[in-house]
Number of protein chains: 2
Amino acid sequence: MKDVYIIGLGQTEVGEHWETSLRHLAWEAIDAALKDARLKQPDALFVGNVLAGQLSKQEHLGVLVADFCGLRGIEAASVEAAGASGGMALRQAYLAVASGMVNTAIAAGVEKFTDTVGSRATAALTSATDSDWEAAQGATPAALAALIMRRYMHEFDCAVADFAGFSVNAHANAKTNPYAMFRNTITAEAFAKAPMVADPVNMFDTAPDADGAAAVIVAADDFVWAHRDASQRPMIRIAASAVATDSLALHDRPDPLFFRAANLSAGRAYKQAGIEPGDMNVLELHDAYTVYAALSLEACGFAPRGLGWRMAGEGGISLRGKMPLSTFGGLKARGNPAGATGIYQIVEAALQLRGEAGANQVAAPRWGMAQCLGGSGSTAVTHILERVGRDS
Amino acid sequence: MKDVYIIGLGQTEVGEHWETSLRHLAWEAIDAALKDARLKQPDALFVGNVLAGQLSKQEHLGVLVADFCGLRGIEAASVEAAGASGGMALRQAYLAVASGMVNTAIAAGVEKFTDTVGSRATAALTSATDSDWEAAQGATPAALAALIMRRYMHEFDCAVADFAGFSVNAHANAKTNPYAMFRNTITAEAFAKAPMVADPVNMFDTAPDADGAAAVIVAADDFVWAHRDASQRPMIRIAASAVATDSLALHDRPDPLFFRAANLSAGRAYKQAGIEPGDMNVLELHDAYTVYAALSLEACGFAPRGLGWRMAGEGGISLRGKMPLSTFGGLKARGNPAGATGIYQIVEAALQLRGEAGANQVAAPRWGMAQCLGGSGSTAVTHILERVGRDS
């Protein structure tokens, strides 16, 4: 199996792109990533997307995007695992390169939400849950998150206000991220007054649906060493790639307060990378809801069961904290363009490891981890990245 | 890179499954394939599907199917490349196993069409074309195939009746396939009188939209040798796996009568397998329209440019012919359950190589090829299978 490196990064601003088409958004991110990698002709393209079929009446995104990017002829396909689609696209690119079948591949994610009326977009998003047993009962993703959060607060004796720190931190970090959707500061006081979305989940507990595209270029070790330029930019190795699943429906879980897929996937990733949670220097988790941030921290071994929420209040997750989290704003403030989110996380973690995170830089990180979730934590994709010196 | 073998096959009858849900159909095929492989716990699942989001309001099929099959926890995702989605699911499973990341994987395809009214199903299918530049102009897949067929007849001096042989052959072969949708004989005379769908494409030129699911289990060479049973059943090696693309929109092609993706993909596959078209013993191509069969035969090197249609009339494509085609009925008569079609082709080619094709058996084949197409030949996925003796 070949070692796989990330050699190019690209992203568009996350937001409402009413005047930019789906294919154009994807091109913008891929073009930037190819230029960053100084690569003209990659071998393959994997596109993470959830909603184009339902919202844009466009399937077959692999070909659409390859063709529009001037890459007609290359291998291309789209990959879907709800909110984890971006991570799955990288997983496929990783497998393609690791196998030796291709030398270089693009993992991209793209999503267009906002030129659809909100109720239709929510209905489409709800297709990531169990449509026969959840969606058909009217349970939207936010409603399911509300069930989880209510139960969490009951079991672990905490209040809505105790989750504020996750969102305050995310907005603080997004402020200096030119690609973020919401660059405004929010305070714990504002959080306390936020309107309810699905009690107890309030507007500042949830990440905004958004348009956006992001792309990374991956390459096999031998290709990377043969083509390395004279720059001293550190290399980014994918030290681990792991996927796991749980039940699709929340009510099928023996313990709805345990993100089993996140736990399994992170465990497999630690094993592959040969490290432990304590070794991690930067962390991008799936904070689509604040309670997901807490449960992800617990499932991945960064906090004991039932105590993930405490990390929100201790300052340990800030850029200067012990375990920097959502360093460019996370889903909450960078925005959540569903199928692209997992790739944004990778771009951000890689920027940190390269030391190119600007005002958002955490101190000299070696290990970064990105985990995205699909549905109510039903799919989890975990990647661990390692900064490798030019001469190692 | 590890060698990859097919160790299990499963399929449901193709047809109108009004009383069986999407997940149940998938389970039926996967359960059969796991039993055939004598495997209980595969490592990963890749699901080919095109339309569940649009027609069943269900995305996230990887988890849905894994969970319903009792495989909660395993890696799972869905893969989409329009009509080539099934082939792409096998491609992903192949890459996962070839890389060494997993030992065994399921490649499945599933589609539910027929409990949706026809016009909605057609609209959904049309999302496999370029939605902004083709679908928005009212061009359905059949309308695009009609443009191709009309031009083909003009350029290469043939008539609608000259394509009848493809459909006659497909129906003749489906007659003894218990999984086929249409097991009736059709004659050249009936073909000539068939009602028009999109002039000159008539009802017997086109494959029927259908429900169905199929699955194959793939495994790494070392796993296969460690677990082989005492049976003398031949082993099926995936000798080549290759994907290529063309433009999404038909009007973007310099030559609309050349299936460039099919040509590129087949070329890469021949190179990987180290064989030529003349070595092939059994062939499953994407006969969604009879003119596609002709163009695929030309693109893959089985007929000279402009002469693919002649193979329909020469008897060379029958089970006893020189190049047996659509040996279980092809898309035309077995039926075309979009995202499952590519896996049906693999199941059928593998049954031939195993010598388990019953009344449809071609004489002692060693090499089989399956190629599925997405859109107007915009994506092509080619797999070449080889029968390997137990002791080789």
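The values are calculated or read from the model by the stated rules, or taken from the named source; none is laboratory data. Quick caveat, the model's predicted, so the values are computed rather than measured. Here the Cβ positions follow ideal geometry from the backbone for every residue, glycine too, while neighbour counts run over all protein chains shown.
Condition first: small (G, A, S), modelled with pLDDT of 95 or more and under 30 Å from A:G73 (Cβ atoms). Can you find one or more residues in segment B:9-23 that meet it? Among the residues of segment B:9-23, not one is small (G, A, S), modelled with pLDDT of 95 or more and under 30 Å from A:G73 (Cβ atoms), which makes the answer no.
How many of the residues making up segment B:49-74 are touching a Gly at 6+ places or on another chain (Cβ under 8 Å) and farther than 28 Å from B:S127 by Cα? Residues flagged as touching a Gly at 6+ places or on another chain (Cβ under 8 Å) and farther than 28 Å from B:S127 by Cα within segment B:49-74 amount to 0. When each of B:L295, B:L353 is tested for being in the same structural domain as B:I148 (by TED's automatic domain parsing) and closer than 23 Å to A:V63 by Cα, the lone residue that passes is B:L295. Among the residues making up segment A:43-69, those that are under 19 Å from A:E28 (Cβ atoms) and free of Cβ contacts under 8 Å to residues at least 24 places away in the same chain are A:G62, A:V63, A:A66, A:D67. Being within 15 Å of A:A380 (Cα to Cα), among the small types (G, A, S) and either modelled with pLDDT of 95 or more or not in a helix (DSSP H, G or I) (or both) is a property that A:A261 has.
Within this structure, B:A380 fails the test of being hydrophobic (A, V, I, L, M, F, W, C), more than 28 Å from A:G62 (Cα to Cα) and buried (at least 24 other Cβ atoms within 10 Å of the Cβ). Just one of the listed residues (B:A220, B:A210) is more than 30 Å from B:M1 (Cβ to Cβ), crowded, with 19+ Cβ neighbours inside 10 Å, out of contact with any Cys (no Cβ under 6 Å at 6 or more places or on another chain) and in contact (Cβ under 8 Å) with a residue 12 or more places away in the chain, and it is B:A210.
The set of residues in segment A:254-278 that are buried (at least 20 other Cβ atoms within 10 Å of the Cβ) and among the aromatic types (F, W, Y) comprises A:F259, A:Y270. Taken together, A:G301, A:G306, A:G267 contain a single residue that is more than 20 Å from the chain's Cα centre (by Cα) and assigned by TED's automatic domain parsing to the domain that holds A:G374, which is A:G306. A:V362 meets the conditions (1) outside any helix (DSSP H, G or I); (2) β-branched (V, I, T); (3) surrounded by 24 or more Cβ atoms within 10 Å (Cβ to Cβ) in every case but one. The failed one is (3).
If only residues of segment A:329-359 that are farther than 17 Å from A:G86 by Cα and touching an Asp or Glu at 6+ places or on another chain (Cβ under 8 Å) are counted, the one that is surrounded by the most Cβ atoms within 10 Å (Cβ to Cβ) is A:L353.
Kindly check whether there is at least one residue in segment B:87-99 that is touching a Lys or Arg at 6+ places or on another chain (Cβ under 7 Å) and not assigned by TED's automatic domain parsing to the domain that holds B:N177. Checked against the condition, which is being touching a Lys or Arg at 6+ places or on another chain (Cβ under 7 Å) and not assigned by TED's automatic domain parsing to the domain that holds B:N177, segment B:87-99 yields at least one hit. Of the numbered conditions (1) surrounded by fewer than 20 Cβ atoms within 10 Å (Cβ to Cβ); (2) closer than 30 Å to A:Q54 by Cβ; (3) in contact (Cβ under 8 Å) with a residue 60 or more places away in the chain; (4) not aromatic (F, W, Y), B:D162 satisfies every one except a single condition; which is it? Unmet for B:D162, out of (1) surrounded by fewer than 20 Cβ atoms within 10 Å (Cβ to Cβ); (2) closer than 30 Å to A:Q54 by Cβ; (3) in contact (Cβ under 8 Å) with a residue 60 or more places away in the chain; (4) not aromatic (F, W, Y): (2). With respect to being out of contact with any His (no Cβ under 9 Å at 6 or more places or on another chain), hydrophobic (A, V, I, L, M, F, W, C) and either in a loop (DSSP other than H, G, I, E, B) or closer than 23 Å to A:A299 by Cα (or both), A:M369 falls outside the description. Within 28 Å of A:N49 (Cα to Cα) and assigned by TED's automatic domain parsing to the domain that holds A:R151, is that true of A:F182? Yes. On inspection, B:Y152 fails the criterion of being of a type outside the set (D, E, K, R), touching a residue at least 40 places away in the same chain (Cβ under 8 Å) and out of contact with any Cys (no Cβ under 9 Å at 6 or more places or on another chain). Scanning segment B:289-319 for residues that are assigned to a loop (DSSP other than H, G, I, E, B) and either in contact with a Cys (Cβ under 9 Å, 6 or more places away or on another chain) or at positive phi (or both) gives B:G301, B:G306, B:W309, B:G315.
Screening B:H60 on (1) at positive phi; (2) under 18 Å from the mean Cα position of the chain (by Cα) shows it passes everything except condition (2). Taking the criterion of being more than 11 Å from chain A (Cβ to nearest Cβ) and either surrounded by fewer than 20 Cβ atoms within 10 Å (Cβ to Cβ) or within 19 Å of the chain's Cα centre (by Cα) (or both), the residues of segment B:236-253 that qualify are B:I236, B:R237, B:I238, B:A239, B:H251. Name the one entry in B:R23, B:R72, B:R38 that is more than 19 Å from the chain's Cα centre (by Cα), within 10 Å of chain A (Cβ to nearest Cβ) and touching a residue at least 24 places away in the same chain (Cβ under 8 Å). Only one candidate qualifies: B:R23.
Residues in segment A:75-115 that are under 20 Å from the mean Cα position of the chain (by Cα), within 7 Å of chain B (Cβ to nearest Cβ) and over 19 Å from A:I238 (Cβ atoms): A:A77, A:S78, A:E80, A:A82.
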